[in-house]
Amino acid sequence: AIYPWGDHPDAGAGWCNAANPTVAGTSPRRSAFGFHDGYPFTSPVGKFKPNAFGLYDMIGNVWEWTPDWFDKGLYWSHEWRANRYDPTGPSAGSHKAVKGGSWQDGPDQCRSAARRPQAPLSRLNTLGFRIAITLPCTGPPSATRPLP
């Protein structure tokens, strides 16, 4: 599926904070989802449904910084797509890769597979980061708590 909720963008009500019908047409390049998410800008964390892994806010709200350098050609290469476990970008570059779209982006950008270049010193209200830590696993693994 293209999105955590399936392949149709307008079935995503309740799943993400993204561009809604009020921004459609404000720019010739602007696209929008067909639902209102209730937030004109960023939203508080955890206000939308989690994905299949139990992770919240992976689509929309703010573009998330990644540790990878951006290389547009790389994302279409067979080599990168074949390494599905933990694909990484090139070892150096001028722009970092950000992913997931933001509150002002439409269906084409609000996907976990979407990547965009961003200068490393950029500071925008559409950029953010996710703090990730590894917790000890107690009990049997599940879809939301895999083996460490």
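Which count do you get for residues in the stretch 54-79 that are surrounded by fewer than 18 Cβ atoms within 10 Å (Cβ to Cβ), of a type in the set (Gly, Ala, Ser) and either modelled with pLDDT of 90 or more or more than 27 Å from Ala18 (Cα to Cα) (or both)? Residues in the stretch 54-79 being surrounded by fewer than 18 Cβ atoms within 10 Å (Cβ to Cβ), of a type in the set (Gly, Ala, Ser) and either modelled with pLDDT of 90 or more or more than 27 Å from Ala18 (Cα to Cα) (or both): 1 in total.
Just checking, which of Ala119, Ala92, Ala97, Ala114 is under 23 Å from Phe48 (Cα atoms) and of a type in the set (A, V, I, L, M)? From the options Ala119, Ala92, Ala97, Ala114, the qualifying one is Ala114. Residue pairs whose Cβ atoms lie under 7 Å apart, separated by 6 or more positions or on different chains, with the first residue in the stretch 80-97 and closer than 13 Å to Arg116 by Cα and modelled with pLDDT of 90 or more and the second of a type in the set (Lys, Arg) and open to solvent by 70 Å² or more (accessible area, probe 1.4 Å), are Ala97/Arg115.
Does Asn51 satisfy the criteria of being touching a His at 6+ places or on another chain (Cβ under 9 Å), at pLDDT below 95 and either part of a loop (DSSP other than H, G, I, E, B) or more than 21 Å from Thr126 (Cβ to Cβ) (or both)? No: the conditions fail for Asn51. Of all residue pairs spaced 6 or more apart or on separate chains, those with beta-carbon atoms under 6 Å, a first member in the stretch 99-121 that is within 18 Å of Asp71 (Cα to Cα) and a second member that is acidic (Asp, Glu) are Lys99/Glu64; Gly100/Glu64.
For Gly139, state whether it is open to solvent by 30 Å² or more (accessible area, probe 1.4 Å), part of a loop (DSSP other than H, G, I, E, B) and either at pLDDT 95 or above or on the phi > 0 side of the Ramachandran plot (or both).
Details: open to solvent by 30 Å² or more (accessible area, probe 1.4 Å): yes; part of a loop (DSSP other than H, G, I, E, B): yes; either at pLDDT 95 or above or on the phi > 0 side of the Ramachandran plot (or both): yes.
So Gly139 fits the description; yes.
Being aromatic (Phe, Trp, Tyr) and open to solvent by 70 Å² or more (accessible area, probe 1.4 Å) is the filter; apply it to the stretch 85-132 and report the residue that is farthest from the chain's Cα centre (by Cα). Here the answer is Tyr85.
The values are calculated or read from the model by the stated rules, or taken from the named source; none is laboratory data. Bear in mind the structure is a predicted one, so any value in this text is a computation, not a measurement. Here Cβ is always computed from backbone atoms with ideal geometry, including for glycine, and neighbour counts include all displayed protein chains. Accessible surface is based on the protein model in full, side chains and every heavy atom, while ligands, DNA and RNA are left aside. Shrake-Rupley method; radii C 1.70, N 1.55, O 1.52, S 1.80 Å.
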